[in-house]
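Asker: Here it is: the structure, laid out below.
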Amino acid sequence: MATESTAATLSEVFTPALVLDYDRMKANIQTMVERTDPLPLRPHLKTCKSLDVAREIMGNRREGITVSTLKEAEYFFEGGYNDILYGVGMSPGKVARAAALVREGAVMRFLVDDVSNAVALGQAAQSEGITLDLLIELDTDGHRSGLVPGDPQVLTLGTQIDREPALRLMGVLTHAGESYTLNDPASLEAMAEQERAGAVLAADRLRSADLPCEIVSVGSTPTALSGTTREGLTEIRAGVYVFQDLVQANIGVCRPEDIVLSVVTTVIGHKKDRGWLLVDAGGLALSKDRGTANQPVDYGYGLATQLDQREIRPRLQVRDVNQEHGILASIEGPIDWEAYPIGSRLRILPNHACMTAAAYEAYHVVRTGNTRIEAVWPRINGW
């Protein structure tokens, strides 16, 4: 529920503070809806962790979301959302907590990529008196977890799930995380097709073995925005597209002007001999994510912009961070010290929106080009 802000403007808010540009967010949401249409979009709400943001993403829909923690599942279910995909490999020790949600009426989907784990999940689900709906996690790009689509283990796992009385095989899922290493349209489109083709291959093999495969789920922000063929898919997942960040700008699926989140910070010191501005947003406020380090443009720990952000005019980047200190250096040329007196304020665009947002309990909502705080939207953290 939106709440009143105790500060009227970004010039008054206690720093560091997390800012959300409402207009840019709405534009990003609309862009993704247009790119994924007509397939259903199952947004990943791990980025926002906020009912207020979820309402902007989902509109009147109340079903079909992705989460990364059971706390998120509980929070969004209590907030009126259902058909929840828990997008991290499920472990038997979490079944009892998930079962409580299922007994309350939550429709939950879980991931598995290991036969022995499926057996253990089946036993745990049977002990809880519930049925777990499972998707086989696929690895279509060598990025992280999952089975290679052509691996015989896909059929072995599918068969094991199908024979377990407390499990139900729902389909397959993959996430093209390696898309984050790309930065040109042709490579991104090829990765999107690789992701799609791998998921469809695994789905076809399951169906050929008379195993159920209702859901064929793919998604990452870069591939969701870059894919041109959707044949054989049933849904697309993505999350960071709502906010975007400097990593996504380097990939090429947004511009710095499209980035929704920023951190308001106060200049607390000048180190003229070193060419540094010191601010009160350090590693705990910005995160220590260096996701842009190996990309075309290295933004350090973030890109500093003017407080009103009427235009994104980058002059400084966060060169380094300590726990509570950020060290800003000029991108080019000497710093104009008079333009940044001690006590003045800047906004810093994040490398990784999810990691930066995780440091905060709320968003200070503004309109593009304005520093007036329209609302404060709470968010959750934890597992």
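Asker: Expressed as a whole number of Å, what is the distance separating the alpha-carbon centroids of region 1-57 and region 75-127?
Answerer: Using only Cα atoms to place each centre, the spacing works out to 27 Å.
Asker: Give the accessible area for Arg290 in Å² (nearest 10); use a 1.4 Å probe, count only protein heavy atoms, and leave out ligands, DNA and RNA.
Answerer: 80 Å²
Asker: Here is a further query. Nearest 5 percent is fine: what portion of the DSSP beta bridges confined to the chain is antiparallel?
Answerer: Numbers: 32 of 64 bridges.
Close to 50 percent.
Asker: How much length would be gained if the chain were fully extended between Arg310 and Glu78, taking 0.36 nm per residue of separation minus their Cα-Cα distance, in nm to one decimal?
Answerer: 79.8 nm
Asker: OK, next. Quote the FRET efficiency, to the nearest 0.05, computed for Asn60 versus Glu374 with a Förster distance R0 of 25 Å and r equal to the Cβ-Cβ distance.
Answerer: 0.70
Asker: Could you check the simple spin-label distance between Ile331 and Ala209, using points 7 Å along Cα→Cβ, in nm with one decimal?
Answerer: 5.2 nm
Asker: Under a crude label model (7 Å from the Cα following the beta-carbon direction), how far is Arg274 from Arg97 in nanometres?
Answerer: About 4.1 nm, to one decimal.
Asker: Which one of Leu169, Tyr180, Leu157 is farthest out on the positive end of the charge dipole of region 136-280, using unit charges on Cβ (Lys, Arg +1; Asp, Glu -1) and the Cα centre as origin?
Answerer: Farthest along the dipole direction, towards plus: Tyr180.
Asker: Post the alpha-carbon centroid distance, region 310-371 to region 180-212, in whole angstrom.
Answerer: One Cα centre to the other: 38 Å.
Asker: Straight-line reach from Lys272: which aspartates and glutamates fall under 17 Å, measuring Cα to Cα and dropping same-chain residues less than 8 apart?
Answerer: Asp320, Glu332, Asp336, Glu338
Asker: Where does the Debye-calculated log10 I(q)/I(0) of region 253-376 sit at q = 0.09, 0.14, 0.21 Å⁻¹, using only Cα point scatterers of equal weight, no solvent?
Answerer: Taking Cα atoms of region 253-376 as identical point scatterers yields -0.22, -0.56, -1.32.
Asker: Per-residue accessible area for Glu332 at 1.4 Å probe radius, Å² rounded to 10?
Answerer: Accessible area, nearest 10 Å²: 150 Å².
Asker: Got a sec? What order do Lys272, Lys71 fall in by accessible area at 1.4 Å, biggest, i.e. largest, first?
Answerer: Greatest to least solvent exposure: Lys272, Lys71.
Asker: Would you mind classifying region 72-217 by shape? Square roots of the alpha carbon gyration tensor eigenvalues, ordered a ≥ b ≥ c; an a/c under 1.5 is rounded, otherwise it is prolate if a/b is larger than b/c and oblate if not.
Answerer: It comes out oblate by the Cα gyration axes.
Asker: So, one more: Which whole-Hz couplings ³J(HN,Hα) result when phi for each residue of region 44-54 is put into the Karplus expression 6.51 cos²θ - 1.76 cosθ + 1.60, θ = phi - 60°, listed in order with x for Gly and Pro?
Answerer: My calculation for region 44-54 gives 8, 8, 5, 6, 8, 6, 8, 5, 5, 5, 4 Hz in order.
Asker: Now a separate question. Taking 0.36 nm per residue of separation and subtracting the Cα-Cα distance, what length does fully extending Arg230 through Asn322 add?
Answerer: Taking 0.36 nm per residue and subtracting the Cα distance, the gain is 28.6 nm.
Asker: Under the 0.36 nm per residue contour assumption, what length would be gained going from the current alpha-carbon distance of His143 and Ile342 to full extension?
Answerer: Here the segment from His143 to Ile342 would lengthen by 67.2 nm.
Asker: Could you give the semi-axes, largest first, of the ellipsoid that matches region 1-96, computed as the square roots of 5 times the alpha carbon gyration tensor eigenvalues and rounded to whole Å? Could you put the intermediate results ahead of the total?
Answerer: Numbers: eigenvalues 145, 78, 28 Å².
Here the semi-axes work out to 27, 20, 12 Å.
Asker: I'd like to compare 260-268, 158-166: which one has the highest average count of other Cβ atoms within 10 Å, and what's the full order after that?
Answerer: Working: 260-268: 24.7, 158-166: 18.2.
The packing order, highest mean first, is 260-268, 158-166.
Asker: Name the lysines eligible as straight-distance cross-link partners of Lys49: C-alpha to C-alpha under 16 Å, and not fewer than 8 places from it in the same chain.
Answerer: The qualifying lysines are Lys71.
Asker: Kindly state, to the nearest 0.05, the FRET efficiency for Val115 paired with Glu193, given R0 = 25 Å and r defined as their beta-carbon distance.
Answerer: After rounding to 0.05, the efficiency reads 0.30.
Asker: Projecting each Cα onto the charge dipole of the chain (Lys/Arg +1, Asp/Glu -1 at the beta carbon, about the Cα centre), which of Val318, Leu111, Leu101 comes out farthest on the positive side?
Answerer: It is Val318, whose Cα lies furthest towards the positive end.
Asker: For the chain, take the longest principal axis of its alpha carbons; what is the angle in degrees between that and the long axis of helix 185-208, to the nearest 10 within 0 to 90?
Answerer: 20 degrees
Asker: Let me ask you something else. Using the 2.2 N^0.38 Å rule of thumb for compact globular proteins, work out how the chain stacks up: its C-alpha Rg over that value, please.
Answerer: 1.05
Asker: Per residue, how much accessible area does the chain have with a 1.4 Å probe, in Å²? Present the calculation step by step, with values, prior to reporting the outcome.
Answerer: Working: 15980 Å² over 383 residues.
On a per-residue basis, the chain sits at 42 Å².
The values are calculated or read from the model by the stated rules, or taken from the named source; none is laboratory data. What you are looking at is a predicted structure, and each value in this text was computed from that prediction instead of being measured. Methodologically, a virtual Cβ is constructed for each residue, glycine included, from the backbone with ideal geometry; neighbour enumeration extends over all protein chains shown. Remember, those area values only see protein heavy atoms, side chains included, never the ligands or the DNA or RNA. Shrake-Rupley method; radii C 1.70, N 1.55, O 1.52, S 1.80 Å.
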